[in-house]
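The values are calculated or read from the model by the stated rules, or taken from the named source; none is laboratory data. Not measured: the values here are computed from a predicted model. All Cβ positions, glycine included, derive from the backbone under ideal geometry; neighbour counts span all protein chains shown. Note: accessible area is taken over every heavy atom of the protein model, side chains too, but ligands, DNA and RNA are not part of it. Shrake-Rupley method; radii C 1.70, N 1.55, O 1.52, S 1.80 Å.
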Amino acid sequence: MAARIIDGKIIAADLRARVADEVARVKREHGLTPGLAVVLVGHDPASEVYVRTKAKQTEAAGMASFEHKLPAETSLSDLLSVIARLNADPAVHGILVQLPLPKGLDSQKVIDAIDPAKDVDGLNPVNAGRLATGLPALTPCTPLGCIILAKTVHASLEGMNAVIIGRSNLVGRPLVQLLLNENATVTISHSRTRDLPKVCKQADLLLAAVGKPEMVKADWIKPGATVIDVGINRIASTDGKGKLVGDVDYQGALSVAGAITPVPGGVGQMTVACLLVNTLRAACAIKGIAAPGV
Ligand code: GUN
């Protein structure tokens, strides 16, 4: 039987609509308009697309969007001054610095400078540490989206064997903590893992976040498993335009997996929707009002 396709487009649109409802409520009841500032340094074409999408969807949800586009030659001290201003700005509740930064800018120094209360990427060590110790935290958006997608298939992830491929700060590492919070049994694998196909084949829930086009083959997948594909890789296509593929051989996986996210139209859709959730949560926490019901 062909796998069920997990439609990130529909699930993300539903989440954005719920955020918009909550934004309208906090405006009405508390006079609060959540605001998100996105900082883009340089002209990476993919980053420019992401930043445009973020601004559009932030406004569509009824929130304020502030865009800061800086030249690629921006110095670290100038970038840190922008962050300091945003940290102090009461209209800004979320700050996101689009990654990757141009060569020569130390992204960790920039992430460290973001007020943890406004760190809607969840990348500041304060939030990463809070998440790792089981405390409430702002959580990276892509992993949050993965959990929401997995829970559209499984009401509970408790006791499932979850295998993550990739150990990045943006996805793999926070996914470990989020899956532990769901009471899954978690394995994190990476480029040095021995016999990766065998490790993957143990997974009831397989999450691929390595950035290697179609690396995960059908025979790495346990029959009936749920597959969440975080990869977004551009490869050559016959029409010369290039096409987007995930980290999983999607066509092959369709006949083995129980459920799978497509690329595009899967996890990618969820990242921005979760950014809106985090901005709303951050705004409510800063204002001292109850956490929103999304
Ligand atoms: N670049 C690709 N994904 C992300 C993300 O989730 N946050 C930031 N800041 N940059 C990214």
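Could you look at the chain and say what percent of its accessible area is carbon and sulfur, using a 1.4 Å probe and all protein chains?
Numbers: 7410 of 13650 Å².
Carbon with sulfur: 54 percent of the solvent-accessible area.
Here each label is just a point 7 Å from Cα along the line to Cβ, and for Thr133 and Thr53 those points are 3.5 nm apart. Counting only aspartates and glutamates at least 8 places from Lys27 when in the same chain, those with an alpha carbon closer than 17 Å to its own are Glu59. Dipole magnitude for the range 88-210: about 480 debye, using +1 per Lys or Arg Cβ and -1 per Asp or Glu Cβ, origin at the Cα centre.
In the context of the full set of protein chains, the range 199-260 has a per residue accessible area of 45 Å² (1.4 Å probe).
Could you compute the net charge surrounding His154? Neighbours are other residues with a C-beta less than 10 Å from the C-beta of His154; K and R count +1, D and E count -1.
Numbers: positive: Lys151; negative: Glu158, Glu182, Asp204.
After counting each charged neighbour, the total is -2.
Relative contact order, whole percent, for the range 181-294 stands at 21, derived from Cα pairs under 8 Å and 6 or more residues apart. About its Cα centre, what dipole magnitude does the chain give when the only charges are +1 on Lys and Arg Cβ and -1 on Asp and Glu Cβ, stated in debye to the nearest 20? Roughly 220 debye for the chain. Add +1 for every Lys or Arg and -1 for every Asp or Glu among the other residues with Cβ under 12 Å from the Cβ of His30, and state the total. Residues near His30 contribute +2 overall. The 3J(HN,Hα) values that the Karplus relation (6.51, -1.76, 1.60; θ = phi - 60°) gives for the range 83-90 are, in residue order, 4, 4, 5, 5, 4, 8, 7, x Hz. Gly and Pro appear as x. Stretched out straight at 0.36 nm per residue, the stretch from Asp239 to Arg28 would grow longer than its current Cα-Cα span by 70.9 nm. Which angle from 0 to 90°, rounded to the nearest 10, does the C-alpha axis of helix 267-287 make with the longest principal axis of the chain? Roughly 40 degrees between the two axes. Cross-link pairs exceeding 31 Å between alpha carbons, from the set Lys56/Lys109; Lys103/Lys198; Lys109/Lys243; Lys118/Lys241; Lys103/Lys201: Lys103/Lys198; Lys109/Lys243; Lys118/Lys241; Lys103/Lys201. Semi-axis lengths, largest first, of the ellipsoid equivalent to the chain are 32, 22, 18 Å, with √(5λ) applied to each eigenvalue of the Cα gyration tensor. Considering only Ile221, Ile260, Ile235, give the residue with the highest GNM mean-square fluctuation for the chain, with springs between Cα atoms whenever their separation is below 10 Å. Of Ile221, Ile260, Ile235, the Gaussian network model singles out Ile235 as fluctuating most. Lys151 sits with roughly 80 Å² accessible to a 1.4 Å probe, with DNA, RNA and ligands left out of the calculation. Within the chain, the cysteines lacking any other cysteine Cβ closer than 4.7 Å to their own Cβ are Cys146, Cys200, Cys284.
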